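The values are calculated or read from the model by the stated rules, or taken from the named source; none is laboratory data. Computed from a predicted structure; not experimentally measured. Using ideal geometry, Cβ is built from the backbone for each residue, glycine included, and neighbour counts are taken over all protein chains shown.
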Amino acid sequence: MESSWEPESEWDTESLWDTEEPFNLEQIKGGVGQGKRHRSLYQYVGWLTKQGKSKEEIEEIILAWNARNRPPIPKEEIKAKLDWCWNQWAPK
């Protein structure tokens, strides 16, 4: 069942890359704290998508990554946001 999750505000997803804090893959991979989890989730999913990973591969990587977050994002929320990202960014 696909999620109907949508971003709460009408922000441009390109702004995920245009931030005062540069994209730091190694820092994200190690897990992040509250306040950085969601932006990091989108950035990591976007990066994995650009690397040509399948949705299943991305989900496996993201769920393992999420276990390192402080605190982890609820699993159902991760899956809903992953569905949204995949629908927006996956190669057509």
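Tabulated data
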{"quantity": "Of all residues in the range 51-67 being of a type in the set (D, E, K, R) and in contact with a helix residue (DSSP H, G or I) (Cβ under 8 Å, 6 or more places away or on another chain), the one that is farthest from K29 (Cα to Cα)", "calculated": "K55"}
{"quantity": "Residue that is farthest from P22 (Cα to Cα), among those in the range 53-65 that are in contact (Cβ under 8 Å) with a residue 24 or more places away in the chain and of a type outside the set (K, R)", "calculated": "I58"}
{"quantity": "Residue that is modelled with the highest pLDDT [pool: residues in the range 40-50 that are within 12 Å of K29 (Cβ to Cβ) and among the polar types (S, T, N, Q)]", "calculated": "S40"}
{"quantity": "Cβ pairs under 7 Å, 6+ apart, first in the range 40-52 and closer than 11 Å to K81 by Cβ, second outside any helix (DSSP H, G or I)", "calculated": "L41/I73"}
{"quantity": "Subset of the range 75-92 that is exposed (fewer than 15 other Cβ atoms within 10 Å of the Cβ) and either of a type in the set (A, V, I, L, M) or out of contact with any helix residue (DSSP H, G or I) (no Cβ under 9 Å at 6 or more places or on another chain) (or both) - its residue that is modelled with the lowest pLDDT", "calculated": "K92"}
{"quantity": "Criterion (modelled with pLDDT under 90 and among the polar types (S, T, N, Q)) met by exactly one of S3, S54", "calculated": "S3"}
{"quantity": "Residue tally, condition part of a helix (DSSP H, G or I) and among the polar types (S, T, N, Q), over the range 25-77", "calculated": "5"}
{"quantity": "The range 53-69, subset buried (at least 18 other Cβ atoms within 10 Å of the Cβ) and over 11 Å from L82 (Cα atoms), residue farthest from the chain's Cα centre (by Cα)", "calculated": "N69"}
